[in-house]
Amino acid sequence: MTILVTGAAGFIGANFVLDWLAQSDETVVNLDKLTYAGNQESLASLNGDARHIFVQGDIGDSALLASLLAQHQPRAVINFAAESHVDRSIHSPEDFIQTNIVGTFRLLEAVRAYWGALDAEAKTAFRFLHVSTDEVYGSLAKNEPAFTEEHRYEPNSPYSASKAASDHLVRAYHHTYGLPVLTTNCSNNYGPYHFPEKLIPLMIVNAQAGKPLPVYGDGQQIRDWLYVKDHCSAIRRVLEAGNVGEVYNVGGWNEMPNLDIVHKVCSLLDELKPRLDGKPYKEQISYVTDRPGHDRRYAIDARKIEQQLGWKPAETFESGIRKTVQWYLDNPDWVANVQSGSYREWVAKQYSAGIPA
Ligand code: NAD
Ligand code: DAU
């Protein structure tokens, strides 16, 4: 048996493949374009492992998709591939439209053709799992209840709008063509192999480099944080037992303001790798201009996946963030290698003079 996983040289996809092959011998075909966010080094421990077949390519390449599906005959396709960074979507939305909308559409078309030609048994067993985000639901006021699967779609950034469009296409392919789809909408992930353009790894990396820790606006925006391996276990569970055509929200019941997250990272670094001058890392915090259209609060109601599929996160935020900070301290080479020329160009553009452009 084989699964086809897209975008699995990225943060969550790489963690997913590593966890999958730690628990199963089912082959993974990994289709990844290797954008700035894709990093084969995250999968270096699988070098020479015949269960992992890496293919560099675009989910928008219909001919490549058709040939990969015909060759490997996967029983499932899991779509992680996306442009994923909100700030980049504000600077340059085009790539988000191409990959997240057009790419998902081409992938759905290729999968529909492949699935339509399967024999009855394989057709019934087949699944297309689309990995999406809580950001499609928009922003919550302080006392509003958390997002359920029935919450209206109200995306506010080019990123979340492009993910919302992809979710709608996935839904339509089920309703119109009967494609056996599943969709997960997850909150903010953190953990190993997270690209240091995102809040938590950026803070860990900047703190150690003696650089400012840029907090947007008042730092009181709230996110729900989930350790990446818990997201991976949720996806495995939905793939295994989710009801076809349904959506599952995934979250950690762990809402925290950004400033509290940054303080937590600083205090862990104070403990695990104190500054040479003995001062606390929080002295490096620097308030910068807010993200345009910044969503104030996300919160996930994860009762459906917990009650119907019996999934629960294994990590608390305390245990997960400690593991994460320790992982970055233990893997300076991975960090150094992802901070390439293009990474430095992005940081200069986004934080020029300490202020997002
Ligand atoms: P990431 O940016 O770290 O990785 C994305 C991967 O997709 C990269 O390896 C990149 O090379 C690849 N890719 C981009 N365009 C491609 C294309 N056209 N064809 C093939 N591959 C392509 O993203 P991530 O944080 O790992 O997120 C993975 C998925 O999970 C995304 O769909 C994202 O929307 C969703 N998600 C992320 C989070 C989070 O907190 N990071 C939370 C919820 C949902
Ligand atoms: O909610 C799920 C989403 O979480 C995913 O769909 C996205 O792919 C993922 O990137 C993430 O989006 P966010 O915008 O929430 O993540 P980010 O790490 O970019 O920012 C987290 C919060 O921290 C957000 O409120 C903005 C703030 N922030 C971020 C950066 C990079 C700062 O204050 N300073 C920063 O330098």
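The values are calculated or read from the model by the stated rules, or taken from the named source; none is laboratory data. Just so you know, these numbers come straight off a predicted model, no measurement behind them. FYI the Cβ positions are ideal-geometry reconstructions off the backbone, even for glycines, and counts take in every protein chain you see.
Got at least one residue in region 213-221 being within 15 Å of ligand 1 (Cβ to nearest atom) and at pLDDT 95 or above? Even if it seems obvious, please write down each step before you answer.
Step one: of region 213-221, the residues within 15 Å of ligand 1 (Cβ to nearest atom) are 221.
Pick out the ones that are also at pLDDT 95 or above and you get 221.
Yes - at least one qualifying residue is present in region 213-221.
Of all the residues that make up region 99-141, how many are more than 30 Å from GLN220 (Cα to Cα), buried (at least 24 other Cβ atoms within 10 Å of the Cβ) and in contact with a Ser or Thr (Cβ under 6 Å, 6 or more places away or on another chain)?
So the answer is 2.
Give region 145-158 a look and list any residue that's assigned to a loop (DSSP other than H, G, I, E, B), touching a residue at least 12 places away in the same chain (Cβ under 8 Å) and not β-branched (Val, Ile, Thr), or say none.
Residues of region 145-158 that are assigned to a loop (DSSP other than H, G, I, E, B), as a first pass: 145-146, 148-157.
With the extra rule that they be touching a residue at least 12 places away in the same chain (Cβ under 8 Å), the set shrinks to 145-146, 148-149, 151-157.
Selection gives PRO145, ALA146, GLU149, HIS151, ARG152, TYR153, GLU154, PRO155, ASN156, SER157.
Residue by residue through region 309-357, note down the ones that are among the charged types (D, E, K, R) and in a helix (DSSP H, G or I). Step through it out loud before you land on a result.
Quick first cut of region 309-357, residues among the charged types (D, E, K, R) only: 312, 315, 318, 322-323, 330, 333, 344-345, 349.
Correct list: GLU318, ARG322, LYS323, ASP330, ASP333, ARG344, GLU345, LYS349.
For ALA165, all conditions in the list (1) assigned to a helix (DSSP H, G or I); (2) surrounded by 21 or more Cβ atoms within 10 Å (Cβ to Cβ) hold save one; what is the number of the exception?
That leaves (2) as the condition not met.
Would you check if there is a residue in region 272-295 being charged (D, E, K, R), over 30 Å from THR148 (Cβ atoms), out of contact with any Ser or Thr (no Cβ under 7 Å at 6 or more places or on another chain) and within 16 Å of ligand 2 (Cβ to nearest atom)?
yes
Out of (1) within 27 Å of GLY293 (Cα to Cα); (2) touching a residue at least 24 places away in the same chain (Cβ under 8 Å), what's the single condition that is false for ASN30?
(1)
Would you kindly identify the strands (runs of 3 or more DSSP E) lying entirely within region 245-308 that contain at least 2 residues that are more than 24 Å from the chain's Cα centre (by Cα)? Please lay out each step first, then the result.
Values: elements: 247-250, 255-257, 285-288.
The qualifying strands (runs of 3 or more DSSP E) are 285-288.
Find the residue count for region 61-120, including only residues that are within 16 Å of ligand 2 (Cβ to nearest atom), among the polar types (S, T, N, Q) and in a loop (DSSP other than H, G, I, E, B).
2
Being touching a residue at least 60 places away in the same chain (Cβ under 8 Å) and either more than 16 Å from ligand 1 (Cβ to nearest atom) or surrounded by fewer than 23 Cβ atoms within 10 Å (Cβ to Cβ) (or both) is the filter here, so list the residues in region 195-204 that pass it.
Let us first name the residues in region 195-204 that are touching a residue at least 60 places away in the same chain (Cβ under 8 Å), namely 195-201, 203-204.
Within region 195-204, PHE195, PRO196, GLU197, LYS198, LEU199 meet the criteria.
Can you list residue pairs whose Cβ atoms sit under 6 Å apart, with the first residue in region 175-192 being under 17 Å from SER132 (Cβ atoms) and in a loop (DSSP other than H, G, I, E, B) and the second being within 11 Å of ligand 2 (Cβ to nearest atom) and of a type in the set (D, E, K, R)? Count only pairs 6 or more apart in sequence or on different chains.
Taking only residues 6 or more apart or on different chains, the pairs are SER187/ASP134; SER187/ASP224.
In this structure, does THR184 turn out to be farther than 25 Å from MET256 by Cβ and within 16 Å of ligand 2 (Cβ to nearest atom)?
Values: farther than 25 Å from MET256 by Cβ: no; within 16 Å of ligand 2 (Cβ to nearest atom): yes.
Answer is no for this residue.
Taking only pairs six or more apart or across chains, which ones have beta-carbon atoms under 7 Å, a first residue in region 125-142 that is of a type in the set (Val, Ile, Thr), and a second residue that is within 15 Å of ligand 2 (Cβ to nearest atom) and in a loop (DSSP other than H, G, I, E, B)?
Hits for this filter: VAL131/PHE80; VAL136/TYR153; VAL136/PRO155.
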